[in-house]
Amino acid sequence: MANKWRVRAFVISGLLALSANLASGQVGQTQITKWQYGKSAAVSLTYDDGSINQFRVAVPIMDTFGLPATFFIITGGIPGSRYHGTFIGRPTNVIVQETANTPTNKDNFLERASAIGFVGYPEASEYHTRAGEVFDEGKDFDKAYQLIDEAYAKVRQGMFKPAAEHMNATEHRERITWDELNALANRGYEFASHTVTHPRLAALDDANLVYELEKSRQDILDHLGFKHTFSVECPYGTENPRAVQFALQRYQVARNHMPDSFVEDLDRWNAMDPAVSKKEYVRWQRGALTKTPMTLMKSWVDTSASHDNVWLVLVFHGVNGKGWEPTTDDELKEYFAYIKAKGDRLWIATFQDVTKYIRERMHSEVRSYRDGETIRVVLRDDLTDPSYDLPLTLKTDVASVWHTVEVRQGERVKRVEVVHQNGQDYVLYQAAPNAEAVLIRPVQP
């Protein structure tokens, strides 16, 4: 199985005689660089929940520095969404009545925890979150059952206030629209699912778990297009096996869990030093909270830039007082300037693009053929999903006397300057897998 993930490269001499310029050394040898554009590491900026200042404040700052980002959005609250929070199952009044006589247990917990948020009382929804937390993270099942019993008892006794019928004007102003998201998507920002209502997925039964994942994806597909159905983040970063399995059956990648054998997946709470890992890639998530020191945040960037296998995935939530654990605009300006300044080493890209690059590279094979003063490079991968459409960066050794080359793949032609560095002579260029062969020829002065 180890060979399955090995990136393979071959150099095959042509049958025709080589010119003197190509006859020596490793001319023609080609490899796929570990990161796009030959960078040393990767960084992705990601935001959870879609709170309004992510768009009103953070986006203009990122625009200033030319930085891309990925937004994991809760789709049910966006005006114009087709799918909103609902309970899939038996009538909730029947479930409420049953709770009077039958205590919550392992057989009925998921149904009751799924329904409690939809009995007409916002305060009851908080019990779903609390019970889901102890069920998923604390594994205290008895405590979870007790919380659900307490919630339904309050429902039966009329202790909760009914939900407000209408949203006030301030709440309307603080919601992003699909039209605004579409405009940002057209500018290169990635949007991805954070489910319909941001529930505790581990505390949902199958029908409601499927609804949260599939209907969020459908609204994104309808409003933003197929490209933005690639990624998902399960709320609260759950690693519950059932929730993760359901998510990965519907999305290509989850930020909360990446099962690829060649990736060391370190979540926000993992204290492992990424430098210790011997895997080809380390996906290292770090979360910037309100009290996170700037020195610590910058150290994450420095650690990534000093190793060749680290993908730093930064997670932000609130901005300027809006949302959970908000950072300030001044902090974002300082931090993004620091990241941008290390752009010579860091590939700063969306979560989707880095995932695609890693998987395409690890599933690819590159062969090089030399024929006179032409180098022909064939790039193939075994990925059949059309989502994987990102060009890869190839590095091909060329003759030391070459200074500029023409790189042609089909109708795409580009002139590339030869890099002469530390005794190496090579060119870096982009190539699409499973397309025409790449032809590299010297450009005469």
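If you take every residue apart from ASN186 with its C-beta less than 14 Å away from the C-beta of ASN186, what net charge results, scoring Lys and Arg +1 and Asp and Glu -1?
Summing Lys/Arg as +1 and Asp/Glu as -1 gives -2.
Carbon and sulfur atoms: what percent of the 1.4 Å accessible area of the chain do they account for?
About 50 percent, which is the carbon plus sulfur part of the accessible surface.
So, for the chain, what is the accessible surface per residue at a probe of 1.4 Å, expressed in square angstrom?
Computed with neighbouring chains in place, this is 46 Å² per residue.
Compare the peptides 280-287, 175-182 by average per-residue count of other Cβ atoms within 10 angstrom and give them in order, highest first.
By packing density, highest mean first, the sequence is 280-287, 175-182.
Consider the candidate values [x] 1.06; [y] 1.15; [z] 0.98; state which one is Rg/Rh (Cα atoms, Kirkwood Rh) computed from the structure displayed.
The calculated read-out lines up with [x].
How far is helix 206-224 tilted off the main Cα axis of the chain, in degrees rounded to 10, range 0 to 90?
Orientation of helix 206-224: about 50 degrees from the principal axis.
In the chain, with Lys and Arg counted as +1 and Asp and Glu as -1 at Cβ, which of these residues, PHE55, THR92, LEU439, has the Cα nearest the positive end of the dipole, that is, farthest along it?
LEU439
Would you mind checking the range 30-50 for residues with the amide N under 19 Å from a putative spin-label position 7 Å along Cα→C-beta of ARG412?
It comes to 30-39, nothing else.
For a 21 Å ceiling on Cα separation, which of these pairs sit above it: LYS278/LYS395; LYS291/LYS333; LYS34/LYS342?
Exceeds cut-off: LYS278/LYS395.
What does the extension gain come out to for LEU221 and LYS154, with contour length at 0.36 nm per residue minus their alpha carbon separation?
Contour length minus the Cα-Cα distance gives 20.2 nm.
Would you mind checking the tilt of helix 122-136 against the longest principal axis of the Cα atoms of the chain, expressed as 0 to 90 degrees and rounded to 10?
Relative to the chain, helix 122-136 is tipped by roughly 60 degrees.
Using 0.36 nm times the number of residues separating PHE65 and ASN101, minus their current alpha carbon distance, what extension gain do you get?
So the extension gain works out to 6.9 nm.
Compute the distance from the alpha-carbon center of the range 191-252 to that of the range 396-419, in whole Å.
44
Using Cα-Cα distances under 8 Å and only pairs 6 or more residues apart, what relative contact order does the chain have, in percent?
25
Report, in whole Å, the centroid distance computed from the Cα atoms of the range 92-140 and the range 295-340.
37
Subtracting the Cα-Cα distance from 0.36 nm times the residue separation, let me have the gained length for ARG175 to LYS340 in nm, one decimal.
Net length gain for the segment: 56.5 nm.
Put +1 on the Cβ of every Lys and Arg and -1 on every Asp and Glu Cβ in the range 281-436; which of MET362, GLY410, ALA341 then has its Cα farthest towards the positive end of the dipole?
Result: ALA341.
The values are calculated or read from the model by the stated rules, or taken from the named source; none is laboratory data. Source: prediction; values computed, not measured. Cβ coordinates were reconstructed from backbone atoms using ideal geometry, including for glycine residues, and neighbour counts include every protein chain displayed. These accessible areas exclude ligands, DNA and RNA; they are computed on the full protein's heavy atoms, side chains included. Shrake-Rupley method; radii C 1.70, N 1.55, O 1.52, S 1.80 Å.
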